[in-house]
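The values are calculated or read from the model by the stated rules, or taken from the named source; none is laboratory data. Model, not experiment: these values are computed from the prediction. Using ideal geometry, Cβ is built from the backbone for each residue, glycine included, and neighbour counts are taken over all protein chains shown.
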Amino acid sequence: MARRGVGPAGRTEVRQNPLVRDGVTVIDYKDTALLRKFISDRGKIRSRRVTGLTVQQQKQVSRAIKNAREMALLPYHSSQR
């Protein structure tokens, strides 16, 4: 279920699923631009609560991120300290 936030004039608004909003149907480990949206600045995978994904989508995203890290397309952690 999408989290609700308070919008203008105190009305609640439902946050949309980011993959549905962008029209993404296939989550590919080679699409690093998409996967970077689901990684924190410290290099950690963001939780479902933060991203607004479904359970199945979160599993696909996390698996794709792990595959991309293994193939050296994404870093394991950020180089910033």
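Please work out which one of (1) modelled with pLDDT of 95 or more; (2) part of a loop (DSSP other than H, G, I, E, B) is the condition Gln16 fails and give its number.
Unmet condition: (1).
If I ask for residues that are part of a helix (DSSP H, G or I) and without any contact (Cβ under 8 Å) to a residue 40 or more places away in the chain, which ones from the range 26-55 would you list?
Matches in the range 26-55: Ala33, Leu34, Leu35, Arg36, Arg48, Val50, Thr51, Val55.
Anything in the range 37-81 that is out of contact with any helix residue (DSSP H, G or I) (no Cβ under 9 Å at 6 or more places or on another chain), of a type in the set (D, E, K, R) and surrounded by fewer than 17 Cβ atoms within 10 Å (Cβ to Cβ)? List them, or say none.
Answer for the range 37-81, where residues must be out of contact with any helix residue (DSSP H, G or I) (no Cβ under 9 Å at 6 or more places or on another chain), of a type in the set (D, E, K, R) and surrounded by fewer than 17 Cβ atoms within 10 Å (Cβ to Cβ): Asp41, Arg42, Lys44, Arg49, Lys59, Arg63, Lys66, Glu70, Arg81.
Would you please name the residue that is surrounded by the most Cβ atoms within 10 Å (Cβ to Cβ), looking only at residues in the range 14-36 that are closer than 22 Å to His77 by Cβ and aliphatic (A, V, I, L, M)?
Leu35
Within the group Arg69, Arg63, Arg48, which residue is among the charged types (D, E, K, R), at negative phi and at pLDDT below 95?
Testing whether each residue is among the charged types (D, E, K, R), at negative phi and at pLDDT below 95 leaves just Arg48.
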